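Structure, as structure tokens:
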Amino acid sequence: MKLKLDLHPIFNDSRKIELALKAIIEEAVDCHASEVEIIPGKGSGALKKSVLRFLDQPEVKARYHRLEKDSDNWGRLFLHFRHESLPQSTKPKATIALVTVTTACACCTEPISLAKPDEDAMNPVTLECPWCGSPNRLVFHRDRRGVVNARAMLDYEDS
Ligand SMILES: [Zn+2]
């Protein structure tokens, strides 16, 4: 079984895109789809980049087997899934607490956001800005209310 996600109708709403990607991956896992076709649309390089960024997060990556980029029509992406033949009931429930942290790029100040599993939310990560491509080193801290905040600095400034 194959699923298809066309991002054309929501191309300018990154929140909706993220939710749509989450939902289709969830659906693919639930109904044992072998493949999900994602259509960001031709000529929308920034959109495709943010889709790739989303798919590249470790906790998202863990859900699918392989990402394929269509060489003929570069707008399309294919996610391939491999499903274990275990009975549904013996599978552990995938409940990962995600924290979404948003901060401004240290170079161009455009927003960068990422979702991380809660337990390793405090480990610093290096992330390429989806807008200007600069490497940002994100350092996390919890404020008094327990909310995770991030501070970005350019990675090559790091001594
Ligand atoms: Zn930037």
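Read-outs throughout are calculated quantities, based only on the coordinates presented, and are distinct from any laboratory measurement. Quick caveat, the model's predicted, so the values are computed rather than measured. Glycine also receives a Cβ, built like all others from the backbone with ideal geometry; neighbour counts cover every protein chain displayed.
Can you list the HN-Hα couplings for the range 46-56, worked out from phi with the Karplus curve (6.51, -1.76, 1.60; θ = phi - 60°), rounded to whole Hz and with x for Gly and Pro?
Result, rounded to whole Hz: 5, 5, 4, 4, 6, 5, 4, 4, 4, 6, 8.
Whose amide H sits under 5 Å from the amide H of residue 129, counting only residues 5 or more places off or on another chain, with H placed in the peptide plane?
134, 136
How high is the relative contact order of the range 2-84? Use alpha-carbon pairs under 8 Å, at least six apart in sequence, and give a whole percent.
Averaging sequence separation for qualifying contacts and normalising by length gives 33 percent for the range 2-84.
Whole-Hz Karplus ³J(HN,Hα) for the range 58-63, in order, using 6.51 cos²θ - 1.76 cosθ + 1.60 and θ = phi - 60°, x for Gly and Pro?
Rounded to whole hertz, the list is x, 6, 7, 3, 5, 7.
With N residues in the range 2-84, what two-decimal value do you get for its Cα radius of gyration over 2.2 N^0.38 Å?
Values: Rg = 11.8 Å, N = 83, 2.2 N^0.38 = 11.8 Å.
So the Cα radius of gyration is 1.00 times the expected 2.2 N^0.38 Å.
Where the only charges are on Cβ atoms (+1 Lys, Arg; -1 Asp, Glu), what is the dipole of the range 2-84 about its Cα centre, to the nearest 20 debye? Numbers along the way, then the final one.
Working: 15 positive and 14 negative charges, 59 e Å.
Computed charge dipole of the range 2-84: roughly 280 debye.
Within the set of other residues whose C-beta is less than 9 Å from the C-beta of residue 81, count the net charge using Lys and Arg as +1 and Asp and Glu as -1.
With Lys, Arg at +1 and Asp, Glu at -1, the neighbours total +2.
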